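The values are calculated or read from the model by the stated rules, or taken from the named source; none is laboratory data. Keep in mind the model is a prediction, meaning the values are calculated, not measured. Because the Cβ atoms are built from the backbone with ideal geometry, glycine has one as well, and the counts that use them run over all protein chains shown.
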Amino acid sequence: MNWAALWAEGFPIPAHALAAVGALGIGTVQLLTPKGTTVHRVLGRAWVLAMGFVAVSSFIIYELRLIGPFSPIHLLSIYTIGSLFVGVRAARRGNISLHRATMRSLYWLALVVAGLFTLLPGRVMHSVVFGV
């Protein structure tokens, strides 16, 4: 691992990446532990905050410029922000099936799939993970 490659990047890339890694860890715990507990609710709030930070901070990262300063990944950020609102509202209203589906979708699409794309050669996280 080459953490120096991450620290060499300007704000917000290191904070964005660390929040995403934190959200991945919290999300994994959330998927594997009992639901509806106090721990689940506290970790869920932390996960929503981390995911919100990741999504919002992406709008000031212009590494891939395909549509003006933006790229298709910014569409995922818009989806993420909207889905966070839907998922939280569903939990508060007791619609646990919608909450579960929304949050799982976010975990897999916005963290796992998007995270795999950050490992492509030429990306910062490729350098961090593979030490190149």
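Quick grid of which residues meet (1) farther than 23 Å from Pro12 by Cβ; (2) in a helix (DSSP H, G or I); (3) touching a residue at least 60 places away in the same chain (Cβ under 8 Å):
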residue: Gly94; (1), (2), (3): yes, no, no
residue: Ser97; (1), (2), (3): yes, yes, no
residue: Val112; (1), (2), (3): no, yes, yes
residue: Gly115; (1), (2), (3): no, yes, yes
Cβ pairs under 7 Å, 6+ apart, first in region 62-88 and part of a helix (DSSP H, G or I), second modelled with pLDDT under 95 and of a type in the set (Ser, Thr, Tyr): Ile73/Ser58; His74/Ser58; Ser77/Ser58
Taking first residues from region 29-45 that are part of a helix (DSSP H, G or I) and second residues anywhere that are surrounded by fewer than 12 Cβ atoms within 10 Å (Cβ to Cβ), the pairs with Cβ under 8 Å that are 6 or more apart or on different chains are Val39/Thr33; His40/Thr33; His40/Pro34
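Looking at region 99-126, which of its residues are within 18 Å of Arg45 (Cβ to Cβ) and not β-branched (Val, Ile, Thr)?
Step one: list which residues in region 99-126 are within 18 Å of Arg45 (Cβ to Cβ), which gives 99-100, 102-104, 106-107, 110-111.
Result: His99, Arg100, Met103, Arg104, Leu106, Tyr107, Ala110, Leu111.
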Taking the residues in region 118-130 that are surrounded by 11 or more Cβ atoms within 10 Å (Cβ to Cβ) and farther than 14 Å from Trp7 by Cβ as candidates, determine which candidate is farthest from the chain's Cα centre (by Cα). Phe130
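For region 98-117, which residues satisfy the criterion of being aromatic (Phe, Trp, Tyr) and surrounded by 15 or more Cβ atoms within 10 Å (Cβ to Cβ)?
Here is the first cut: in region 98-117, the ones aromatic (Phe, Trp, Tyr) are 107-108, 117.
If the condition is that a residue be aromatic (Phe, Trp, Tyr) and surrounded by 15 or more Cβ atoms within 10 Å (Cβ to Cβ), then Tyr107 is the only one that fits.
If the requirement is being more than 17 Å from the chain's Cα centre (by Cα) and modelled with pLDDT under 95, which of these qualifies: Phe70, Phe59?
Numbers: Phe59 fails: more than 17 Å from the chain's Cα centre (by Cα).
Step by step, each of Phe70, Phe59 is checked, and only Phe70 is more than 17 Å from the chain's Cα centre (by Cα) and modelled with pLDDT under 95.
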Looking only at region 17-39, which residues are surrounded by fewer than 16 Cβ atoms within 10 Å (Cβ to Cβ) and farther than 21 Å from Val124 by Cβ? Thr28, Val29, Leu31, Leu32, Thr33, Pro34, Lys35, Gly36, Thr37, Thr38, Val39
